[in-house]
1. If you place +1 on the Cβ of every Lys and Arg, -1 on the Cβ of every Asp and Glu, and leave all else neutral, what size is the dipole of segment 5-117 about its Cα centre, to the nearest 20 Debye?
2. Could you pull the Cα extents of segment 239-331 along its three principal axes, largest to smallest, in whole Å?
3. Please identify every one of the GluC sites (Glu not before Pro) in segment 88-191 that sits in a loop by DSSP and has no more than 15 other beta carbons within 10 Å of its own beta carbon.
4. Semi-axes, largest first, in whole Å: what does sqrt of 5 times each Cα gyration tensor eigenvalue give for the chain?
5. For segment 82-88, what does the Karplus curve 6.51 cos²θ - 1.76 cosθ + 1.60, with θ = phi - 60°, yield as ³J(HN,Hα) per residue in whole Hz, taken in order and with x for Gly and Pro?
6. Antiparallel as a % of all DSSP beta bridges within the chain, to the nearest 5?
7. Where does the chain land at 222 nm, in deg cm²/dmol rounded to the nearest 500, when only DSSP H runs of n ≥ 4 count, each adding -39500 (n - 2.57), divided by all residues?
8. What list of whole percents do you get for P(r) of segment 1-160, with Cα-Cα distances grouped in 5 Å bins up to the one holding the largest distance?
Amino acid sequence: MNDLRAGVIGFGYTGRLHSSAYEKSGVHVTAISDSDPAVLDAVPTPIQRFTDYHDMLATDIDLVSICTPTALHCRATVDALTAGKHVLLEKPIATRVTDAEEMIETARKTGRRLLVGMTHRFYPEIQAAKSIIDNGGIGEIVMARDSILEHFGFANSPRWYLQPELAGGGTVLSSGIHLVDRVMWFLGEMPVTVSGYVNNRLLGQAVEDSAQMSLGFSSGRCAQISFGLLPNPHPLICDLELIGTQGSIVVHTWHGYEYRSAAGIDRHITYTSETHPEKVLAGVCAEVKELCTAIIEGREPRPSAEESTRPLRVIEMFYRASATGAILQLE
């Protein structure tokens, strides 16, 4: 990986995490782009700085992280792929499935690699739980519950998160995309029905700040997902519970997991003194490693961009369902 050169488009909180992940992974960051010149003032001088990412794409970088507002993902990704760069794209892949499909088709045509940053798949506590379940540790999964509760401003949440024209949605799309993805990943299937409710009275903005989603699967299993973006400081909760015929697992994301069986509860602590950015950085480092390995080996990265589009399909349908209170069928 030492021969690869990377650039970053968008140098906010997430863009800085990506830059750190590249350096930790032995990938040289040689260029950074941000539309705000004041942001670029903090970039170390050996790194090239650009206010127009098109100028950065004309340099000799091999891959680029795109950490812009979600509505800008499609244009920047298509431009980067067309310029011959591999792309690590922050989640969600897009605000609309049609945009995601355009990016996937461009990656196919150009032969470049596209990996969407579904960071939760790379966290050690989630991977450990997945391994236990795949090896039959809780029997057959019967149902799933997932939830995220965070307060706005946590981890320097940008203001554009509250602007539908840039974010595409509220907590369900911005953070909740991870939850929808991991529920489907653990269950191994797409839902066939979706329903639920949204609210925006907590923050009083145009996007939802709380929601409840119900998913039904052709196997007869079901899942409930709760989302909350709160106005005041609140303990960060991101808990996935998977209930099986022989036990259950609760993943306390960024903490550890509990393996519950008839013999009792076996608790595993994954982290000790790490800060939250350090925990997230470990996941981004794993993403960088996966993309770079895929580039070197000439294969598609995992998960594929198509797989990372599936939770967006579910969320698109969820927004339609919540607007009418109906239970909608997914194709």
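What follows draws every value from the coordinates through simple rules; no lab data is involved. Keep in mind that this is a model prediction, so the values were computed, not measured. Quick reminder, even Gly has a Cβ in these numbers, built from the backbone with ideal geometry, and neighbours come from all protein chains shown.
1. Working: 12 positive and 14 negative charges, 75 e Å.
Magnitude of the dipole: close to 360 debye.
2. Sorted largest first, the three principal extents are 44, 43, 27 Å.
3. Answer in residue order: GLU140, GLU189.
4. Details: eigenvalues 205, 101, 80 Å².
In descending order the semi-axes read 32, 22, 20 Å.
5. Going residue by residue, I get 5, 7, x, 9, 6, 10, 9 Hz, with x marking Gly and Pro.
6. So the antiparallel bridges in the chain amount to around 60 percent.
7. It comes out at -10500 deg cm²/dmol, rounded to the nearest 500.
8. In whole percents, the pair-distance histogram is 2, 8, 16, 19, 17, 14, 11, 8, 4, 2, 1, 0.
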